[in-house]
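One structure is given here, and the rest of the page talks about it.
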Amino acid sequence: MLTNLNNEKMIYSINELKKMNFTNYKINKMVDQGSLKKLNRSYYENANYTGDFNDFVFVSAYIPKGVICLMSAASYYGLTTVRPIVVDMAIPNKGKVSTLPEWPVINLYYFGEVRYSEGIVKKKHSNDQFMIYEIEKTVVDIICFREKIGIEETKEILKNYLDKKERNINLLLRYAKVLKCESVLRKYLEVLL
């Protein structure tokens, strides 16, 4: 069966498939034939995808409102030498997740409204996209969660951020103020700058 799916797109939502004029019958037929793999009620994995596999795109199909955060985001931005074996993902406090993949393992963080909604950016990977916190928001979240992350890892991440040419200290301080950890950030900055 000719599917007319873009093999450079890893994940399709049911809405995207329907906009492409695929009926439920055709979608189920593509699942039966193995060209689509049903992930949950709303998303399908393209079995003929030819690009590089991306964990962030994949887990976003399971948690559409999820935002890549903390150590996963720090690794994405090259702020740490630690390679997380799980994907850290933030969701709203009252968010619900019905199904999670067996792999990759996801650490869910339930963020309050302000912490969740501040600093979300969309990143493209091939013809897919995922949400992640921008680099300054990531650094501030790491500082806020320093007890869980680890003090040494937190210092490494902040130092690596400060070494970047495109750093934005004003934005970093703005996020720290909004997320109520400005005094802690200033102490770290005094030591490292």
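With a ≥ b ≥ c taken as the square roots of the eigenvalues of the C-alpha gyration tensor of segment 55-125, please select rounded if a/c is under 1.5 and otherwise prolate if a/b is larger than b/c or oblate if it is not?
Numbers: a/c = 1.59, a/b = 1.15, b/c = 1.38.
Judged from the Cα gyration tensor, segment 55-125 comes out oblate (a/c at least 1.5, b/c at or above a/b).
State the answer as a single residue: which of Asn54, Asn21, Tyr116 lies farthest towards the positive end of the charge dipole of the chain, with beta carbon charges of +1 for Lys and Arg and -1 for Asp and Glu, about the Cα centre.
Of the listed residues, the answer is Asn21.
Test of understanding: what is the full-extension gain from Ile169 to Val82, defined as 0.36 nm times their sequence separation minus their Cα-Cα distance? Before the final figure, lay out each step's value.
Working: separation 87, 0.36 × 87 = 31.32 nm, distance 2.37 nm.
Extra length available between Ile169 and Val82 comes to 29.0 nm.
How much length is gained on full extension from Asn7 to Trp103, taking 0.36 nm per residue of separation minus their Cα-Cα distance? Walk me through the intermediate numbers first.
Details: separation 96, 0.36 × 96 = 34.56 nm, distance 2.20 nm.
Extending this stretch completely gives an extra 32.4 nm.
Determine, for Thr138, Thr23, the number of other Cβ atoms within 10 Å of each Cβ, and report the residues in order from fewest to most. Don't skip to the answer; put the middle values down first.
Numbers: Thr138 27, Thr23 10.
By the 10 Å Cβ count, ascending: Thr23, Thr138.
So, in nm, how far is label Lys177 from label Phe53 when the simple model puts each one 7 Å beyond its Cα toward the Cβ?
In this crude label model, Lys177 to Phe53 measures out at 4.5 nm.
Apply the a/c threshold of 1.5 to the C-alpha gyration tensor of segment 29-94 and tell me whether it is rounded, prolate or oblate. Show your work: numbers first, answer last.
Working: a/c = 3.89, a/b = 1.69, b/c = 2.30.
It comes out oblate by the Cα gyration axes.
What size of dipole, in debye to the nearest 20, comes out for segment 106-193 about its Cα centre when the only charges are +1 on Lys and Arg C-beta atoms and -1 on Asp and Glu C-beta atoms?
For this selection, approximately 180 debye.
When Lys9, Lys18 are ordered from fewest to most other Cβ atoms inside 10 Å of their Cβ, what list results? It would help to have the intermediate numbers written out before the result.
Values: Lys9 18, Lys18 13.
The most exposed by this proxy come first: Lys18, Lys9.
Quick check on the chain: helices-only [θ] at 222 nm, where DSSP H runs of length 4 and up contribute -39,500 (n - 2.57) each and the sum goes over total residues. Nearest 500, please. Intermediate values should be presented prior to the final figure.
Details: 10 runs with 83 residues, N = 193.
Taken over the chain, the calculation gives -11500 deg cm²/dmol.
Step through the table entries Lys124/Lys155; Lys65/Lys159; Lys18/Lys65; Lys9/Lys37; Lys38/Lys124, compare each Cα-Cα distance with 25 Å, and write down the pairs that go over it. Intermediate values should be presented prior to the final figure.
On the way: Lys124/Lys155 29 Å; Lys65/Lys159 30 Å; Lys18/Lys65 21 Å; Lys9/Lys37 13 Å; Lys38/Lys124 22 Å.
Checking Cα-Cα distances, Lys124/Lys155; Lys65/Lys159 exceed 25 Å.
Need the list of aspartates and glutamates near Lys177 for cross-linking: C-alpha distance under 17 angstrom, and skip anything on the same chain fewer than eight residues off.
Glu113, Glu118, Glu134, Glu136, Asp141, Glu190
Quick check on segment 103-193: take the gyration tensor over C-alpha atoms, sort the square-rooted eigenvalues as a ≥ b ≥ c, and tell me if it's rounded (a/c under 1.5), prolate or oblate.
Values: a/c = 1.58, a/b = 1.45, b/c = 1.09.
Cα axes put segment 103-193 in the prolate bin.
Placing +1 at every Lys and Arg Cβ and -1 at every Asp and Glu Cβ, with all other atoms neutral, what dipole size does the chain have around its Cα centre, in debye to the nearest 20? Spell out each step's value before the answer.
Details: 29 positive and 22 negative charges, 114 e Å.
It works out to roughly 540 debye.
Coordinate-derived values only; no laboratory data. These numbers were taken from a predicted model, which means no experiment stands behind them. Neighbour counts run over all protein chains shown; Cβ positions are idealised from the backbone, glycine included.
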